[in-house]
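Report on the following structure.
FYI, it's all coordinate maths here, none of it is from the lab. Remember, predicted model here, so these are calculated numbers, not experimental data. Cβ placement follows ideal geometry from the backbone for every residue including glycine, while neighbour counts extend to all protein chains displayed.
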Amino acid sequence: MNLNCYLDLSPEVAQAVAAGKPVVALESTIISHGMPYPQNVETAFAVESIIRENGAVPATIAVIGGRLKAGCTREEIEYLGKQGPSVSKASRRDLAILVARGGDGATTVTTTMIIAHMAGIKVFATGGIGGVHRGAQTTMDISADLEELARTPVMVVCAGAKSILDLGLTLEYLETHGVPVIGFGTQELPAFYTRKSGFKVDYRMDSPAELADAFQASLNLGFPGGMLVTNPIPDEYSMDPAVISSAIDEAIHQADENGVRGKETTPFLLAKVKELTGGDSLESNIQLVLNNARLAARTAACLANGQ
Ligand code: PSU
Ligand code: MN
């Protein structure tokens, strides 16, 4: 375990990591930027419960008062959820500055991976990852999440990526940087709200034990990077591709018209898609995160048991 002087493990997470018990990291951007209050806090608690029910300890990650937290308390989760988007979205470039200034930060996939790794946590569950944006050929807008997957050994379980991104280019980038993309029970990349995207993943795996074996082999090989597990949204919560696709096109159009750039792009697009698709997309979002948390907990349990 890395005893970084800026890192605080909750007593439960510290004990679990030290004992080699399964732990699952969770991000906090999904809480403060991804969903409205109070559904964000309710979902964060429900995700923690489902991880416990599946045999692992949850570790919600965030930066609070300049401390890197691996295992937020219920009060800290409530605080992040109530503050909402006024908590700054913290990516790799922001971390040192937040620490130096004693600031608060909601961790993205990137910074959740960094802090999870510092804490000795190997598996992380979330909803969707960032990727290569449409039009990146000229804007160069590529999420730091992809770079982090190439450099930090944490397995990320997600529901694919939203087609606010260029999914084909996202897969190309991951291939170039040596990140394996695994479909859980499918050979097709899921697109968050929908089970299909039209793009193939590198590998299909069908059990948590198979995922754990693959990740253990990567660790044994001494590879620096992680692995991306893409777990399709349960059928009963998946959305009509035509509805989602027109909402995404409209969101991208509005982002262009408003000159939205940089770190604001993803939150802007996500908020617009939500606005245009209403409560249906929020319910789907909650359900897919729960589904990913369950798979991540079972995989962490297999990894911890060496199976
Ligand atoms: N995509 C989603 N939901 C999210 C995010 C992305 O479908 O909540 C969040 C995650 O925290 C992700 C971050 O790590 O946005 C990526 O932001 P950017 O594209 O600015 O790197
Ligand atoms: Mn970006």
Semi-axes a, b, c in Å (a largest) for the chain, each sqrt of 5 times a Cα gyration tensor eigenvalue, come to 26, 23, 19
Which peptide among 181-194, 115-128 comes first, and what is the full order, when sorted by highest mean count of other Cβ atoms within 10 Å? 115-128, 181-194
Stretchable slack from Asp8 to Ser246, in nm (0.36 nm times residue separation minus alpha-carbon distance): 81.3 nm
Put a dot 7 Å past each Cα toward the Cβ at Leu221 and Ala100; how far apart are the dots in nm? 3.7
Check Ala62: other-chain or 5+ apart residues with amide H under 5 Å from its amide H, H built from backbone geometry? Lys69, Gly71
Rounded, prolate or oblate: which fits the range 9-100 when a ≥ b ≥ c are the square roots of the eigenvalues of the alpha-carbon gyration tensor, with rounded for a/c under 1.5 and prolate only if a/b beats b/c? oblate
Net charge near Leu171, counting Lys/Arg +1 and Asp/Glu -1 over other residues with Cβ under 11 Å of its Cβ? -3
Charge sum, other residues only, whose C-beta stays under 13 Å from Gln137's C-beta, Lys/Arg counted +1 and Asp/Glu -1: -2
With 10 angstrom as the radius, rank Arg93, Arg204 by how many other C-beta atoms surround their C-beta, starting from the fewest. Arg93, Arg204
Along the charge dipole of the chain, pointing to its positive end and built from +1/-1 on Cβ of Lys, Arg, Asp and Glu, which listed residue (Pro241, Ala106, Pro11) has its Cα farthest out? Pro11
Please check which bits of the range 194-227 a label hung off Asp235 would reach, taking the label as a point 7 Å along Cα-to-C-beta and the cut-off as backbone N under 17 Å. 194-197
Estimated FRET transfer efficiency (Gln187, Arg52; beta-carbon r; R0 22 Å; 0.05): 0.10
Where does the charge balance sit around Ser197 when Lys and Arg score +1, Asp and Glu -1, over other residues with C-beta under 13 Å from its C-beta? +2
Once you have a ≥ b ≥ c as the square roots of the Cα gyration tensor eigenvalues for the range 84-218, tell me rounded if a/c is under 1.5, and otherwise prolate or oblate according to whether a/b is larger than b/c. oblate
Can you count the Lys pairs in the chain whose Cα atoms are under 24 Å apart, with each pair 8 or more apart or on different chains? 23
Check every DSSP H run in the chain and write down those whose alpha carbon atoms cover 30 angstrom or more along the long axis and whose mean Kyte-Doolittle hydropathy is -1.0 or greater. 279-304
